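What follows draws every value from the coordinates through simple rules; no lab data is involved. The shown structure was predicted, so the numbers you read here are calculated from the model rather than taken from an experiment. Quick reminder, even Gly has a Cβ in these numbers, built from the backbone with ideal geometry, and neighbours come from all protein chains shown.
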Amino acid sequence: MPELTRQLQILSEFCQLKGWQFRLIDSFAGYLAEVRDDERSFVTGAGPVPTLPLNSATFSEIARDKAHATTLLRDAGLRTIEGDYFFTSSDRRGMRPEGRELDDAIKFAQSLGYPVFVKPNTGCRGLMADLVDNEDNLRRHIAEISAIDHIAIVQRYTVAPEYRLFCLNGRVRFSYSKSVATLKGDGVSTVEELLADYNRQFEVDPSRAQAADAPFLIERLNESGLNLRSVLPFGERLPLAARANLSTGGTLSKYQDQIAPKIQVWAEHVLKAMPLPICAIDLFATLGYDQPEGYQIIEVNANPAFGGIYEAGHKDMVWALLDEAAETAFQSK
């Protein structure tokens, strides 16, 4: 039997608590399963397969496509990060209008001012999302993205507290702050050694590891007067990435499940534009968490994970969400 993803492990545990059957359909990779309660059932999965099949295919696909999602959100009058999308290769260039090619990306980045943040259009878990500090590195990074995506997103680099709002059936159920992964100095090990230790957790999936020559890391080292061979002082923390993905070592804090009415109202505007019964809204709180008028939407995730709050000890919330979402999934069959 293949090892289940963390998301499916948690769902399987929940099924045991409920007395439901959790049956693995995909015996090779473990990415397809069925949840059954007597005559009721739904199919679940991992990777691109939603854990809880509540969302429409149309809006799930729009959410997955960051360029489409941003266009839709802006049309609804919602604030997003300043940025635009560009094609990563000249394939089929004759089939599209001018203005979205590599040279246009270079000009756009110059207008924003380096460093800029660049990521694949349909990427997830922070894969190949990184800070770029000059034109040569921008050309190189877009070329790398072209191997997995035909569109790259170029955005203004934003420094602000990052939060996630987890929504189910039209309401925010909980929120938390996301902090970037860091290296913590022990006063003995070099940055290079600490980075190697950090990357060992990603041996099964090296794409999630932190490169030693990543522009964000190099910039932080330069700011501190350090390099990869420097010993990081005891207790000092060195940020590793420009985005706070939990899947790449980011941390969760400031969890709360009592959501202020004005935040609920703000989220309702997002869910009106992107009607997803289950989703997570990732955002920068530029004026602080309590002031949603300053929120900038990073993205809307149509297949959000709940492993983070599970591991943080909020099992009761996970069980409550799964109970409600599963009942909705059963009824939709």
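Using every pair of alpha-carbon atoms in region 184-240, split the distances into 10 Å bins beginning at 0 and state the percent of pairs per bin, rounded to integers.
Going from the shortest bin to the longest, the percentages are 25, 56, 20, 0.
Note down the magnitude of the dipole of region 184-240 about its Cα centre, charges +1 on Lys and Arg C-beta and -1 on Asp and Glu C-beta and zero elsewhere, to the nearest 20 debye.
100 debye
Per residue, how big is the convex hull of the chain when only Cα atoms are used? Give it in Å³.
Values: hull volume 52.1 nm³, N = 333.
Residue-normalised Cα hull volume stands at 156 Å³.
What fraction, in whole percent, of alpha-carbon pairs in region 287-333 exceed 15 Å separation? Each step should come with its number before you reach the end.
Details: 705 of 1081 pairs.
Summing the P(r) tail past 15 Å for region 287-333 gives 65 percent.
If you place +1 on the Cβ of every Lys and Arg and -1 on the Cβ of every Asp and Glu, how big does the dipole about the Cα centre of the chain come out, in debye to the nearest 20? Spell out each step's value before the answer.
Numbers: 35 positive and 45 negative charges, 96 e Å.
Approximately 460 debye in magnitude.
Using a cut-off of 19 Å between alpha-carbon atoms, which aspartates and glutamates can reach residue 18, once sequence neighbours fewer than 8 places away in the same chain are excluded?
Leaving aside aspartates and glutamates fewer than 8 places away in the same chain, those within reach of residue 18 are 34, 37, 38, 39, 316, 323, 324, 327.
DSSP loop chymotrypsin sites (Phe, Trp or Tyr not before Pro) in region 7-46 with at most 15 other Cβ atoms within 10 Å of their Cβ, which ones?
Details: sites: 14, 20, 22, 28, 31, 42; in loops: 20, 28, 31.
Sites meeting the loop and neighbour criteria: 28.
Using the Kirkwood formula on the Cα atoms of region 58-202, what hydrodynamic radius do you get, in angstrom to one decimal?
Kirkwood hydrodynamic radius for region 58-202: 17.5 Å.
Identify all lysines with a Cα-Cα distance to residue 66 below 27 Å; exclude those on the same chain that are fewer than 8 residues away in sequence.
Straight-line reach from residue 66, under 27 Å: 107, 119, 178, 254, 262, 272.
Taking only DSSP H segments of four or more residues, each worth -39500 (n - 2.57), what value at 222 nm results for the chain once the sum is divided by all its residues, to the nearest 500 deg cm²/dmol?
Numbers: 10 runs with 107 residues, N = 333.
About -9500 deg cm²/dmol.
Which trypsin sites (Lys or Arg not before Pro) from region 1-109 combine a DSSP loop assignment with at most 13 other Cβ atoms within 10 Å? Write out the running numbers ahead of the final one.
Values: sites: 6, 18, 23, 36, 40, 64, 66, 74, 79, 92, 93, 100, 107; in loops: 79, 92, 100.
Hits after loop and neighbour filter: 92.
Just to compare against my own numbers: the Cα pair-distance distribution for region 82-157, 5 Å bins, whole % per bin, please.
Percent of Cα pairs in each bin: 3, 18, 32, 27, 14, 6, 1.
For region 176-323, compute Rh as the Kirkwood radius over C-alpha pairs and then the Stokes-Einstein diffusion coefficient at 25 °C and 0.890 mPa s; write the answer in µm²/s, rounded to an integer. Write out the running numbers ahead of the final one.
Details: Rh = 17.6 Å.
Translational D for this selection: 139 µm²/s.
Report relative contact order for region 145-238 in percent, whole number only (criteria: Cα-Cα under 8 Å, sequence separation at least 6). Intermediate results must be reported in sequence, preceding the final value.
Working: 95 pairs, mean separation 28.0, N = 94.
Relative CO of region 145-238 lands at 30 percent.
Would you be so kind as to identify all helices of the chain, as entire DSSP H runs, whose Cα atoms reach 20 Å or more along the helix's own axis and whose mean Kyte-Doolittle hydropathy is at least -0.5? Mind showing how you got there, number by number?
Details: long enough: 315-331 (24 Å, 0.04).
Membrane-span-like by this criterion, though nothing is claimed about a membrane: 315-331.
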